[in-house]
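The structure under discussion appears below in the form of structure tokens.
Rule-based calculations on the coordinates, nothing more; no lab input. The shown structure was predicted, so the numbers you read here are calculated from the model rather than taken from an experiment. Here the Cβ is made from the backbone with ideal geometry for all residues, glycine too, and neighbour counts use every protein chain on show.
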Amino acid sequence: MKIVSKLALAAASLALGFAIVDAKSVSAAIINYAFTVDSSATKGNGFFSFDDSTLSGYTPEATIKSLSFKFDSDSTVYTEQDDVNYPDFPVAFQTTSLTGETSFALDYLFNDKSNSANYLSYEIIGEDFTIFSRTSSDIVPISGKVSYRQVPESTPLVGALFACSLGLMMKRRVASVKKVKV
């Protein structure tokens, strides 16, 4: 009888965990990425998300649903609405690294909001970051690099945590019932 109850508990926990994890994969998902900008002039961090249902063979890019970016030395927060070509941009597009790994990158062009007198613009295209002036040819463009990392979806983590917690609670309950019987 012990083994049957343990197997039933394990099977129920596993089925519940898989049900929660697989629920998102059937429908469209919101993909989340964090990115870091690094150049000789400035550094910054940001986050963007997009709906992967808009990606297809004909449209290898998706419009950004949410974007937040801030330079380390400035309190100004830039959003998707700051893109010069909003609402058609910014977009996320799929890229393939030299190792063959596919990921998503950003195409985002925005103007400096903290000091509008200097007429600087910032552009992120894939792994390239550029600071330039749209009005003055005297300002030398500055380039830098952008790195990305996917932020894991919280649903699978919550599902696994729930299944483990349920299993632990059931194990304690079975142990307490055994103590009462003895």
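Please list, in chain and number order, the residues 5+ apart from Glu61 or on another chain whose amide H is under 5 Å from its amide H, with Hs placed from the backbone.
Here Ser56 satisfy the definition.
Under a 5 Å amide H to amide H cut-off, with H placed in plane at 1.01 Å, what residues pair with Ala29 once short-range neighbours are removed?
Answer set, sorted by chain and number: Asp52, Ser53.
What's the magnitude of the charge dipole for segment 88-144 around its Cα centre, counting Lys and Arg as +1 and Asp and Glu as -1 at the beta-carbon? Answer in Debye, nearest 20.
On the way: 2 positive and 8 negative charges, 37 e Å.
Around 180 debye, computed over segment 88-144.
Less than 14 Å Cβ to Cβ from Tyr86, Lys/Arg counted +1 and Asp/Glu -1: what total charge do the surrounding residues give?
Charge balance near Tyr86 sits at -3.
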